[in-house]
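To keep things clear, I will list the structure first and then write my remarks on it.
The values are calculated or read from the model by the stated rules, or taken from the named source; none is laboratory data. Bear in mind the structure is a predicted one, so any value in this text is a computation, not a measurement. Cβ atoms come from the backbone with ideal geometry, glycine included; neighbour counts cover every protein chain shown. Side chains included, ligands, DNA and RNA excluded: accessible areas come from the protein's heavy atoms. Shrake-Rupley method; radii C 1.70, N 1.55, O 1.52, S 1.80 Å.
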Amino acid sequence: MGAEATEAWAGELTALHERFVHRFNRTEPRESALPYMRGLIAPLGRKNGWTLAEQAGHAGPDGIHRMLNRIEWEADEVLDDVRDYVAEHLGDPE
């Protein structure tokens, strides 16, 4: 995905983030989730904790790793939120 497509998705990522950010109990993962998602669609050669953290402006991958591995959040509920968003925006109404 090129830089133009990444920019086009920026507003939609914010809307998607707003749908599930309340699932995180703490501020840190709420703030880390959107930059993480932006990194996932960024035109990076490799996508790992370090490159995603650098893309998000972090000094290292600890915040990303904590969000994914140590912070308690309801992954199934976030999945439901994302699935509903995708169905609404990309699904066929019929």
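Laid out as a table, the results:
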read-out: Size of charge dipole - the chain - debye, nearest 20, with Cβ of Lys, Arg +1 and Asp, Glu -1, no other charges; value: 580
read-out: Ranked order, Trp73, Trp9 - accessible area, probe 1.4 Å, largest first; value: Trp9, Trp73
read-out: Contour excess over end-to-end distance, with Cα ends at Glu12 and Arg46 and 0.36 nm allotted per residue; value: 9.9 nm
read-out: FRET E, pair Glu77, Glu4, Förster distance 35 Å, beta-carbon r, rounded to 0.05; value: 0.60
read-out: Exposure ranking of Thr27, Thr14 by accessible area [1.4 Å probe, largest first]; value: Thr27, Thr14
read-out: In order through segment 54-59: 3J(HN,Hα) via Karplus (6.51 cos²θ - 1.76 cosθ + 1.60), integer Hz, x for Gly, Pro; value: 4, 4, 7, x, 8, 6
read-out: Listed residues Arg30, Arg46, Arg83 arranged by accessible area, highest first, probe 1.4 Å; value: Arg46, Arg83, Arg30
read-out: Value of relative contact order over the chain, rounded to a whole percent, pairs C-alpha under 8 Å and six or more apart; value: 31
read-out: Computed [θ] at 222 nm, helices only, for the chain once each DSSP H run of length n ≥ 4 contributes -39500 (n - 2.57); value: -20000 deg cm²/dmol
